[in-house]
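The values are calculated or read from the model by the stated rules, or taken from the named source; none is laboratory data. This one's a predicted model, so the numbers in the text were calculated from it and none came from an experiment. Counting neighbours? That spans all protein chains shown, and the Cβs are built from the backbone with ideal geometry, glycine included. Surface accessibility is based on the protein's heavy atoms, side chains included, excluding ligands, DNA and RNA. Shrake-Rupley method; radii C 1.70, N 1.55, O 1.52, S 1.80 Å.
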Amino acid sequence: MIISMKRHATKAEIEEVCDRIREFGYKVHSSEGEERVIIGAVGIGDVTACLESLEAMPQVEKAVRISAPYKFVSREFRPAKSQIRADGIEIGGDEFVVMAGPCSVESEAQIIETARFVAQHGASFLRGGAFKPRTSPYEFQGLQLDGLKLLYQAKQETGLGIITEVMSDADVGLVAEYADILQIGARNMQNFALLKALGKINRPVMLKRGMSSTIKELLMSAEYIVAHGNSNVILCERGIRTFETETRNTCDITAIAVLNELSHLPVILDPSHATGKRSLVPALGRAGVAIGADGLIVEVHPHPEKALSDGAQSLSFSQFEAMMRDLAPYIALWKQARVAEAVTA
Ligand code: PEP
Ligand code: MN
């Protein structure tokens with residue numbers, strides 16, 4: 001259920017409503033918007049009786065049931081799109097956000113050189129894994145703390161925000177000291193201990209869709225983070241496993257439109273992992289802009305052929321530059337559409 005309080009409801013009136021909700025056996029999550037307080041009631045109880053009782057309270061404007069199993073992340077809860085602010089940049093607003101960088105942080109020279117290049121060519125965030133989830137235990141596992149420090153150094157030198165993966169709940173605090181956005185990889189989308197730990201911080205989190213996860217499961221995982229206290233969640237489509245073998249994954253491009261319909265959270269497309277082939281990245285990036293993603297996360301490496309992970313899908317510097325140039329007119333149209341949407345909303 002969501003309960004929207006009347007404008008100017010006092011703290012005591014809000015508390016009275018919260019107490020009534022608790023009497024019916026529900027847990028209370030309140031969110032203070034610019035205009036009014038919205039209270040979420042989650043749990044199992046007599047919905048009809050609770051709604052009737054709340055509607056009868058004079059300070060309550062509206063009490064409605066949310067039919068979706070995910071509550072806080074649903075459009076029913078918040079009809080307007082959410083903007084998530086990370087390092088001063090708004091994601092989900094009227095700027096198309098590009099996050100770019102290598103799959104893994106490999107060395108000072110590699111990350112600094114890449115950060116400089118992508119910053120000069122339109123990226124707002126530097127990506128780079130310090131903790132790497134690898135299929136084989138014999139493959140490069142990332143530079144870990146040294147990698148985080150190199151990302152931080154790159155941020156100081158370029159002003160880019162940092163997005164990097166956290167793989168375990170034990171590392172959330174550490175990664176949050178260095179990163180502006182914490183990335184949750186596809187393999188960890190349903191690591192519930194990790195999701196709960198992310199709920200306890202207020203750093204933005206980008207949650208990638210699991211490779212065999214449905215859209216509903218992605219939203220339920222996002223709900224875990226929000227229900228545990230952190231509403232700064234960004235979703236990411238990165239392709240799913242299908243019978244198709246020409247690409248590393250199959251990009252469920254429709255998922256972006258579906259997520260935009262079902263949820264108010266911003267959505268980012270990862271055309272690198274979705275395809276596994278650098279030649280396909282720019283075309284899929286265009287599709288992401290056209291379908292209404294809020295941004296892209298793209299792998300870029302100074303020498304893709306020497307990359308310690310995901311070289312085949314990493315763009316060279318010149319390919320990144322060309323992609324950004326080619327995307328410019330599409331992004332201009334995207335912006336016009338965004339501004340028009342905001343006017344009619
Ligand atoms: C990555 O971003 O490098 C990565 C490991 O992505 P995913 O979790 O989507 O496979
Ligand atoms: Mn990668």
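Can Ala80 be described as among the small types (Gly, Ala, Ser), closer than 23 Å to Gly199 by Cα and surrounded by fewer than 17 Cβ atoms within 10 Å (Cβ to Cβ)?
yes
Of the residues Glu106, Glu23, only one is open to solvent by 30 Å² or more (accessible area, probe 1.4 Å), in contact (Cβ under 8 Å) with a residue 40 or more places away in the chain and farther than 20 Å from Leu265 by Cα; which?
Selected residue: Glu106, the only one of Glu106, Glu23 that is open to solvent by 30 Å² or more (accessible area, probe 1.4 Å), in contact (Cβ under 8 Å) with a residue 40 or more places away in the chain and farther than 20 Å from Leu265 by Cα.
Of the residues Pro302, Pro282, Pro329, only one is in the same structural domain as Gly129 (by TED's automatic domain parsing), open to solvent by 30 Å² or more (accessible area, probe 1.4 Å) and over 23 Å from Glu246 (Cβ atoms); which?
Answer to the check: Pro329.
Report, by residue number, each residue of segment 276-319 that is within 16 Å of ligand 1 (Cβ to nearest atom), under 18 Å from Leu126 (Cα atoms) and outside any loop (DSSP other than H, G, I, E, B).
Across segment 276-319, the qualifying residues are Val281, Gly285, Gly295, Leu296, Ile297, Val298, Glu299, Val300, Pro304, Gly311, Gln313, Leu315.
Select from segment 295-345 the residues that are within 16 Å of ligand 2 (Cβ to nearest atom) and aromatic (Phe, Trp, Tyr) and list them in ascending order.
Within segment 295-345, Phe320 is the sole residue that qualifies.
Are any residues in segment 316-326 open to solvent by less than 20 Å² (accessible area, probe 1.4 Å) and touching a Pro at 6+ places or on another chain (Cβ under 7 Å), and if so, which ones?
Passing the criteria: only Met323.
So if I check each of Ala197, Ala193, which one is surrounded by fewer than 18 Cβ atoms within 10 Å (Cβ to Cβ) and either at pLDDT below 95 or in a helix (DSSP H, G or I) (or both)?
Ala193
Going residue by residue through segment 325-334, is there one that turns out to be within 15 Å of ligand 1 (Cβ to nearest atom) and closer than 19 Å to Arg127 by Cβ?
So far as segment 325-334 goes, no, none of its residues is within 15 Å of ligand 1 (Cβ to nearest atom) and closer than 19 Å to Arg127 by Cβ.
Within 22 Å of Met220 (Cβ to Cβ) and open to solvent by less than 10 Å² (accessible area, probe 1.4 Å): is that true of Val267 in this structure?
Yes; evaluated as a whole, the condition is true for this residue.
Looking at Arg248 and the list (1) of a type in the set (D, E, K, R); (2) surrounded by 19 or more Cβ atoms within 10 Å (Cβ to Cβ); (3) closer than 22 Å to Phe77 by Cα; (4) out of contact with any strand residue (DSSP E or B) (no Cβ under 8 Å at 6 or more places or on another chain), which single condition is not satisfied?
All conditions are met except number (3).
Here are some residues: Val73, Val118, Val97. Which one is within 16 Å of ligand 2 (Cβ to nearest atom) and either among the β-branched types (Val, Ile, Thr) or free of Cβ contacts under 8 Å to residues at least 60 places away in the same chain (or both)?
Selected residue: Val118, the only one of Val73, Val118, Val97 that is within 16 Å of ligand 2 (Cβ to nearest atom) and either among the β-branched types (Val, Ile, Thr) or free of Cβ contacts under 8 Å to residues at least 60 places away in the same chain (or both).
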